[in-house]
Amino acid sequence: MSAETIRSGLGDRLSDVDVNQWPARIVGIVLFFVGWYAVASVFPNELMPYPIETLRVVYDLVGSGKVLPEVTATLTRIFWGFLASMLLGIQMGVFMGLDDYQRKFLTPHIVIGLSAPLIAWSVIATLIFGFSIYAPILATILTAAPFIAITVWKGVEDIDTDLLEMSNSFGITRRRTIFKVVLPSVAPELFTAFRFGLSLSWKIVTITEIFASNSGIGYQIIRAYGFVRFDEAWAWAVIFMGIVLILEYGVIKPVQWRVLRYRPDTEISLVG
Amino acid sequence: MASHTDDDADGTEAGGTRRAEPTAGAIHLEELTKQFDTDDGVERVFEDVDVHIEPGSFVTLLGRSGSGKSTILKLVSGVLKPTSGEIRFEPDDVTIGYVFQSPRLLPWNTCLENIEFVHEHNPAYSDETGREYLDLVDLSEHYNKYPSQLSGGQRQRVGIARALSIDPDILLMDEPFSNLDEITAEELRAELLSIWQQLNKTIFFVTHDIDEAIELSDRILMLGDGQIYADLDVPLERPRSIDSEEFLSFRQQAIDTFHSV
C-alpha cells in the first residue's frame, strides 16, 4: 500500500468515526439496564424497583401531563443559570489567560468555588433569595462558573501565538482573527466547559429545587420520597437521565464532532 | 514535481486570474536599529543596518541563530517596529507575503480554507484562485485535506502557496526549509527557484545554511555582531549544480567570509 492510499484511507475513516461509535453507545446503555436489574433483584422491590416497572411509571407520568411543566421549570432554571455561568466563566477564563495579575486575583475565588460542596451553595443561595428563580441561578453560577473559568483559562493559555503572528503579518483584522484563530483553538476547552458546566448546572439546580422550590424535577423527586413513593422518585430520576442523554447525543456530540473533525481520528476516539 | 511548470503555463492561459505582468518590490532598510528591553537592561540586536534590495532579486540573509535575522524579517513585514531607522518600499503600497519556519497553518481548516483565510480584503478571491496556487505547489490532490493529513513538506508547500496567493511584490521567507528532511528541502528549493523565475517576485530569504544561500540567491548578506558584515554577489550561473568547481570554490570563499567575524 502506498503512502497515498494510507493517507486517503485515514481521510475516509475521519468521516466515519461518529457512525462507528453507535454500537458501543447502545451496548453501554443496555449494560446500564442490566446492572440496574441486577441491583434491583438484590434490594427489596419497594426501595429499588426493576427497570421495566420504573419505565411504566415514567410512561404513566408522561401520559398524565405532569412531566412537561416540571421539566420546563427545571430547564428554565438551568438555562439561565448555565448561561450566566458560561458568560461569567468564559470572561474570567479569558482574563486569567491573558493577564497574570488577574489570574492571581481570581485564583483563590476559583479554588473556593471549586472546592465548596454543592449543597453549601444551595443553602446560601436559598437563604439569600428564598423561593425565587434567582436562588438556583446564583447557586449555579457559584458552582459552575469557576469550573468553566479554569477550563477556558487553560485553553486561552495554550493558544498558538505563532498563528496570531501569522494572522497579524497577513494584515487580518482583529475580528476575523478572533473568529478564525482564537475561537477554534479554544473550541476543545469550550466543549469541555460546556459539557461539565451543564452537568454541574443540572446537579445544583435539582439540589436547590429540593430546598427552595415547589416545582421542578428535584422537587418532584424529594416529594415522591416524602410520600414513600420510591418508584415515582426513580421514575423522575430516569426522566432526568433521559433528558441529559438526549442533550449529550442529540446536541453536544454532533456539534462537537462537526467542529473538531479536523483532528486526526485517533485523537477524536480518545476523547470521544 | 517535474511537470508543474507546464501545468502552470496552461493554468495561466486558461484561468488568467494572475496578473499578466507580475510586479516586484524594492526594499530599503535605512539605518535600522532594533533593541529590546529586557530584565537585564537594553539588549541591542543590531545597529545602523543599511540594505537596499533590488526588485525581482533573490537576496539571502545569512547568520547564526540568535543573530537577529528573523527580527529583520519581522521588521520588514511590520510585525515588529524598529527602535530607530526606516523601512521603505517601492512602490509604496507593496504587498508582502510571509513564509514561516513552521508552516503556521490553521489546523482546523483545509488547505483551500487556509489559503482563503488570508484573502479577507480581496473581493476577487474565489476557490478557483486558491486551487490555482495549490496546483502551483503541486498539491492538486489535497485541496480539502486538513494539515494533520499532510506530510511536513506538503504543509510547507501550503504555506508557500498561501504567501504567493496574495500576489505579493515581496516574499519574505524565514528559514522555510530548515524543519524538513534534506531530500524534501532540496525538492522544495528547486521548486521555489522555478516559481521565482516564473512569477518575478522579490524574495528576501533568511537561513543559517550557507549551501542553501549559495544555491538559491543572487546576493548574500551576512549578519553578525549586530552588523551586516559582508555583502556578496553570487557569481554563479543558473541552474547551479552544487558539486561544480565554481560552486565549491565560491562556497569556500563564502565560508571564509562567514567565519571572519
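Details
- Magnitude of the charge dipole, the stretch A:154-252, Cβ model with Lys/Arg +1 and Asp/Glu -1, debye to 20: 300
- Prolate/oblate/rounded label for chain A (Cα gyration tensor, a/c 1.5): oblate
- Close Lys-Lys pairs in the protein assembly as shown, where close means Cα under 19 Å and separation is 8 or more or interchain: 8
- Distance between the C-alpha centres of the stretch A:36-63 and the stretch A:125-150: 33 Å, rounded to the whole angstrom.
- Net charge of neighbours whose Cβ lies under 15 Å from the Cβ of B:PRO235, counting Lys and Arg as +1 and Asp and Glu as -1: -3
- Distant-in-sequence amide H partners of B:PHE205 (H built 1.01 Å from N, under 5 Å): B:VAL59, B:THR60, B:LEU61, B:MET173
- Mean separation of Cα contacts under 8 Å (6+ apart) over length of chain B, as relative contact order %: 26
- Relative to the Cα centre, the charge distribution of chain A, modelled as +1 at Lys and Arg Cβ and -1 at Asp and Glu Cβ, gives a dipole magnitude of about 460 debye.
- Distances between placed amide hydrogens fall under 5 Å for B:ALA230 paired with B:MET222, all partners being 5 or more residues away or on another chain.
- Using θ = phi - 60° and Karplus 6.51 cos²θ - 1.76 cosθ + 1.60, couplings along the stretch A:215-223 (whole Hz; Gly, Pro as x): 8, x, 5, x, 5, 5, 5, 5, 5
- Using a Förster distance of 22 Å, the FRET efficiency for A:ARG195-A:ALA120 (Cβ separation, nearest 0.05): 0.40
- Here's the picture: charge each Lys and Arg Cβ at +1 and each Asp and Glu Cβ at -1 in the stretch A:69-264, and of A:PHE79, A:TRP236, A:THR206 the one pushed furthest to the positive end of that dipole is A:PHE79.
- From the alpha carbon centroid of the stretch B:88-139 to that of the stretch B:147-179 is 9 Å.
- Simple Cβ-charge dipole of the protein assembly as shown, Lys/Arg +1 and Asp/Glu -1, about Cα centre, in debye nearest 20: 3880
- Counted by Cβ distance under 11 Å from A:ASN45, the other residues give a net charge of -3, where Lys and Arg count +1 and Asp and Glu count -1.
Just so you know, all these numbers are worked out from the coordinates, no wet-lab data involved. Since the structure is predicted, the reported quantities are computational estimates derived from the model, not experimental observations. As a convention, Cβ positions derive from the backbone with ideal geometry for all residues, glycine included, and neighbour counts pool all protein chains shown.
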